[in-house]
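Peer 1: After the C-alpha cells below, expect a handful of questions from me.
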C-alpha cells in the first residue's frame with residue numbers, strides 16, 4: 001500500500017480537494033471535490049471533523065435520518081451542507097462514506113445505486129465485513145470496483161453528532177479489506193483518507209477481519225452484557241453493584257455501549273461470533289475443571305499465560321515489544337560530555353537468558369532464574385515457550401520461574417511463533433522445533449526477515465528435518481513436525497555459536513551422536529548450560545558432541561551481566577578523559593572475552609576484580625580508567641571472540657593513535673545489519689577516515705566531528721555512536737534507535753547516570 005500523502009488541488013469553488021497521484025500504470029484517478037457521509041453518528045461525524053481539520057475532502061456533505069442532527073452538524077461546522085435525503089447528493093459525490101449500522105447498509109446501497117456515477121469511490125465503516133460484502137453482492141450482483149470496504153477501530157459509549165471528536169482516529173487502527181477487483185488507486189485513496197485523519201491503516205482479508213474482530217471486540221462486549229444482565233437479575237443485585245470493585249467496573253464498562261448497534265453486529269457477524277464463543281467456552285471449561293480438581297499447576301498456567309498475553313497486547317498497542325520496531329521511530333541526540341564515573345550494572349547476558357528459558361522449559365522440574373535480561377529479544381523467546389504451553393512466572397526484577405515440561409512436553413502453538421528481532425531465538429528454536437511432533441512457523445520483524453537462515457536449515461535437513469524458508473533462505477521458516485532425526489558429524493563452514501547451538505539442540509531429539517566442529521572458537525554457553533542441566537556434552541578442542549535421547553533436569557541459574565552490553569562502557573570509560581568506572585558482575589566466558597583482549601592490546605587500562613564462578617560461568621567486576629589508545633592489527637584468533645562488540649570497537653579505533661585493521665570478520669555483514677558498511681558510513685559522516693574491505697575495515701584514528709548518522713535498525717550501531725559522542729567535536733544525531741530495547745533496556749538512563757549527555761526524541 002502506498003504511503004504517499006493526499007495532494008491538495010483547488011477546484012472552481014476554491015475549496016481544497018482530496019486526490020491521489022497516478023497509480024503505477026499511469027492511469028489518473030478522480031479528484032475528490034465532494035465527500036458525502038451518510039450517517040452522522042460518532043463515526044461519521046468524527047470523520048467529517050477530521051477531514052475538515054486536515055483541509056481535505058472538498059465540500060463535506062452530511063446526511064442523517066434526524067434533521068436536528070444535520071442542523072447541528074452544519075451549525076458547528078462539521079459539514080458544509082446536508083439533509084435527510086442522501087439521494088439529493090449522490091450524483092455530485094466523488095466519495096461516499098456509508099456510516100450507518102451494518103444492518104442498515106444494504107438499504108443505503110439500494111438507495112444510492114440508481115444515482116451512482118461509475119467513477120464515484122465508496123467505502124463503509126461497518127464492524128463486520130462479510131455481511132456488508134454480501135449486501136453489496138445482493139444489490140449490484142458483485143462488489144463494485146470502486147467500493148473499498150473498511151472498518152475504523154475507534155468509538156466510545158456515546159453517539160450522535162454532539163459526541164463526535166476531531167481526534168477520534170488519531171493513533172487508532174483502521175482496517176481496510178480490499179477485494180481482488182478493487183483498483184490500486186481506489187484502495188490507496190481510501191487508505192490515505194484515513195491516514196489524513198491520523199489513523200494507522202492496516203489491510204486484511206474479509207474472513208480474517210471478521211474472525212479477529214469477533215474474538216477481540218464482539219466477544220468481550222457479549223460477555224460484558226451477559227455478566228451485567230446475569231447479576232442484575234439476582235435478588236441481591238444492589239449489594240453486588242454497590243460493592244463491586246474496580247475490576248468489575250473496568251470489565252463491564254463496555255456494557256454501556258449502544259444495545260441496538262451490538263444487536264446488529266451480532267446478527268451480521270453471527271458465524272464468527274459463535275465460533276469465538278465456542279473457543280471461549282472450551283477455555284472456560286478447562287479452567288472450571290482445574291478449579292474443581294484443585295489443579296494449581298493448570299490454574300497457574302492459564303493465569304500466567306493470560307497475564308503475559310495482556311502485557312504483550314499492551315506493548316503492541318504502545319508500539320513496543322514483539323512488533324516491527326519501524327512502527328515507532330526513536331532517535332538519539334548525543335552531546336559531547338565530560339568524565340565518566342561510578343559503579344554500573346548492565347543488563348543480564350542475552351545469550352544465557354535465551355538459553356535459560358529454552359532449556360528450563362525442556363527440563364523436568366522447576367528452574368529458577370535470576371538476572372534474566374528483560375529485553376525484547378529474550379522476552380520473545382519467553383513468549384514463544386509460553387505459546388507452546390510452558391508455565392513461566394515473571395519476569396519480575398530479573399527473576400523468572402520456569403515449570404519445565406520435559407523434552408517432549410511442548411504443545412503446538414495456536415499460530416506462528418513471532419520472534420521480533422531475535423536471530424538467536426529463531427536459529428536456536430529451529431533446532432528444537434525440528435524434533436517436535438507438530439508443525440511450526442517461525443517469523444519475525446522486518447529486520448529479522450532479512451537475516452540468513454539457510455545456515456541452520458541445511459544441517460537440519462541433513463539430520464532429516466523438513467525445513468522451508470522464504471526466498472534466499474530468509475525467514476519465515478516453516479518446520480514440519482513428526483520427522484525422525486539422525487545424528488550427524490557437522491563440520492561448520494563458518495564460526496557461529498548460533499549454528500553450533502542449533503545443531504546440538506536438534507541432536508537432543510536425534511538417533512545416535514550429533515557432533516559439531518567449528519573453524520574457530522565461538523561462545524559455548526549452550527554446551528555449558530546443557531551440562532548444568534545434567535545433559536552430558538563431550539568437548540574436545542573444536543568439537544562438541546552429545547547423544548540423543550537423554551533428559552534435562554531443572555536447576556537454578558544466575559545470569560551474569562552481558563559482556564556485550566558492558567563493552568559500550570569499557571570503550572566509553574577508555575576514551576572519555578579523566579574517567580574511572582566499575583562495571584559489576586560481568587560474565588567472562590572464555591569464548592566472549594575478545595573485546596577485553598583487543599582493548600588491552602590497544603592500551604586500555606582494564607583490570608578485573610572480585611573474580612568468581614557462578615553457575616559454571618566465570619564472572620568479575622571490570623574497572624576501566626581512561627587511556628590513550630593506539631591502533632593495532634586485530635589478531636585473527638580474537639575476531640570470533642568479539643564478533644558482537646566490533647561496532648563499539650570501531651569507535652575505540654576512531655579515537656586511537658594510528659590505524660586499526662580488522663580482517664576475517666565476514667560474519668559482521670549478516671548481523672542485524674551489515675555492521676562493517678553501516679559503521680563505515682556513519683564514521684565517514686563524522687569525518688573519520690576509514691576504508692572498507694570485504695572481510696573487515698581499516699580505521700585511522702583522529703577527530704570525530706558532530707553530525708547525523710543512521711543505525712539501520714541495529715541496536716549495537718545506535719549505542720556505539722552514542723559512545724562516540726563522548727569524544728565528538730559536536731552533537732551526534734542518531735536515527736532509528738528503537739531496537740536498543742532488544743538487548744539493552746534502560747541504556748539511556750544508565751549512560752546518563754554515568755556521565756553521558758543523551759536525549760531521546762520520538763518521531
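Bear in mind that the values in this text are calculations on the coordinates, not laboratory data. What you are looking at is a predicted structure, and each value in this text was computed from that prediction instead of being measured. Glycine also receives a Cβ, built like all others from the backbone with ideal geometry; neighbour counts cover every protein chain displayed.
Peer 1: Would you please report the Å³ per residue occupied by the convex hull of the alpha carbon atoms in region 107-210?
Peer 2: Output value, Cα hull per residue: 118 Å³.
Peer 1: Tell me the Rg and the Dmax, in Å, that the Cα atoms of the chain produce.
Peer 2: Considering the chain through its Cα atoms, Rg and Dmax are 29.9, 86 Å.
Peer 1: Okay, next question. Restricting things to alpha carbons, tell me how big region 34-204 is in terms of Rg and Dmax, in Å.
Peer 2: For region 34-204, the Cα radius of gyration and maximum Cα-Cα distance read 14.4, 41 Å.
Peer 1: Report Rg(Cα)/(2.2 N^0.38 Å) for region 51-151, keeping two decimals. Each step should come with its number before you reach the end.
Peer 2: On the way: Rg = 13.6 Å, N = 101, 2.2 N^0.38 = 12.7 Å.
My calculation over the Cα atoms of region 51-151 gives 1.07.
Peer 1: Right, another one. How would 703, 401 line up from fewest to most surrounding beta-carbon atoms within 10 angstrom?
Peer 2: Numbers: 703 13, 401 17.
With the sparsest Cβ surroundings first, the list reads 703, 401.
Peer 1: Another question about this same structure. Stretch residue 88-residue 292 to full length: gain in nm at 0.36 nm per residue minus the Cα-Cα span?
Peer 2: Numbers: separation 204, 0.36 × 204 = 73.44 nm, distance 6.39 nm.
67.1 nm is the gain from fully extending residue 88 to residue 292.
Peer 1: Oh, and also: Using only Cα atoms and rounding to the nearest 10 degrees, what angle (0 to 90) does helix 675-685 make with the longest principal axis of the chain?
Peer 2: Tilt relative to the chain: about 80 degrees.
Peer 1: In nm, give the distance between the simple-model label positions of residue 731 and residue 65, each being 7 Å from the Cα along the Cα-to-Cβ direction.
Peer 2: 5.8 nm
Peer 1: Now a separate question. Which of rounded, prolate, oblate describes region 453-534, given a ≥ b ≥ c as roots of the alpha-carbon gyration tensor eigenvalues and a/c under 1.5 marking rounded, otherwise prolate only if a/b is larger than b/c?
Peer 2: Working: a/c = 1.77, a/b = 1.26, b/c = 1.40.
Oblate, because a/c is 1.5 or more while a/b does not exceed b/c.
Peer 1: Modelling each spin label as a point 7 Å along the Cα-to-Cβ direction, I'd like the residue 81/residue 300 distance in nm, to one decimal.
Peer 2: If labels sit at residue 81 and residue 300, their model points lie 7.0 nm apart.
Peer 1: Something else: Fully extended, how many nm does the chain gain between residue 411 and residue 117 (0.36 nm per residue separation, minus their Cα-Cα distance)? If you can, show how the numbers build up before the last one.
Peer 2: Numbers: separation 294, 0.36 × 294 = 105.84 nm, distance 5.47 nm.
This chain segment gains 100.4 nm when fully extended.
Peer 1: Could I ask something else about it? Once label points are set 7 Å from the Cα along Cα→Cβ at both residue 539 and residue 202, what is their separation, rounded to one decimal in nm?
Peer 2: Going by the 7 Å Cα→Cβ label model, 4.5 nm.
Peer 1: For region 557-624, what does the convex hull of the Cα positions come to per residue, in cubic angstrom? Walk me through the numbers before you get to the answer.
Peer 2: Values: hull volume 4.9 nm³, N = 68.
So the per-residue hull volume is 71 Å³.
Peer 1: Further question on the same structure: Provide, as a two-decimal number, the C-alpha radius of gyration of region 390-520 over 2.2 N^0.38 Å, N being how many residues it has.
Peer 2: On the way: Rg = 14.8 Å, N = 131, 2.2 N^0.38 = 14.0 Å.
Dividing the Cα Rg of region 390-520 by 2.2 N^0.38 Å gives 1.05.
Peer 1: Something else about it: How would you order 456-467, 714-725, 195-206 from highest to lowest mean count of nearby Cβ atoms within 10 Å?
Peer 2: Numbers: 456-467: 20.8, 714-725: 28.2, 195-206: 18.3.
Output ranking for 456-467, 714-725, 195-206: 714-725, 456-467, 195-206.
Peer 1: Could you give the C-alpha radius of gyration of region 625-697 expressed as a fraction of 2.2 N^0.38 Å, taking N as the number of residues it contains?
Peer 2: Numbers: Rg = 11.7 Å, N = 73, 2.2 N^0.38 = 11.2 Å.
The reported ratio for this selection is 1.04.
Peer 1: While we're on this one: Using a 10 Å cut-off around each Cβ, can you sort 523, 345, 386 from fewest to most neighbouring Cβ atoms? Walk me through the intermediate numbers first.
Peer 2: Details: 523 25, 345 16, 386 21.
Fewest to most other Cβ atoms nearby, the residues stand as 345, 386, 523.
Peer 1: Another question about this same structure. Please give the calculated 222 nm ellipticity per residue for the chain, where each DSSP H segment of at least 4 residues contributes -39500 (n - 2.57) and the sum is spread over every residue; nearest 500 deg cm²/dmol?
Peer 2: Numbers: 24 runs with 268 residues, N = 763.
Here the helix-only value at 222 nm equals -10500 deg cm²/dmol.
Peer 1: If you line up the long axis of helix 296-317 against the longest principal axis of the chain, both from Cα atoms, how many degrees apart are they, to the nearest 10?
Peer 2: Taking Cα atoms only, the helix is inclined about 70 degrees.
Peer 1: State whether region 588-729 is rounded, prolate or oblate according to the following rule on the C-alpha gyration tensor (a ≥ b ≥ c being the square roots of its eigenvalues): a/c under 1.5 gives rounded; otherwise a/b larger than b/c gives prolate, and the remaining case gives oblate. Walk me through the numbers before you get to the answer.
Peer 2: Working: a/c = 1.68, a/b = 1.43, b/c = 1.18.
Here region 588-729 falls in the prolate category.
Peer 1: Need the full-extension length gain, residue 757 to residue 165, defined as separation in residues times 0.36 nm minus the C-alpha distance. One decimal, nm. Working shown, then result.
Peer 2: Working: separation 592, 0.36 × 592 = 213.12 nm, distance 4.01 nm.
Length gained, residue 757 through residue 165: 209.1 nm.
Peer 1: Now for a separate question. Given a Förster radius of 35 Å and the C-beta distance between residue 258 and residue 437 as r, what FRET efficiency does 1/(1 + (r/R0)^6) yield to the nearest 0.05?
Peer 2: Numbers: r = 47 Å, r/R0 = 1.36.
After rounding to 0.05, the efficiency reads 0.15.
Peer 1: P(r) for region 692-763: what percent of alpha-carbon pairs falls in each 5 Å bin, starting at zero?
Peer 2: 3, 15, 23, 26, 18, 10, 5, 1
Peer 1: Next question. On a 0 to 90° scale, report how tilted helix 129-140 is relative to the longest principal axis of the chain, with both axes built from alpha carbons and the result rounded to the nearest 10.
Peer 2: 40 degrees
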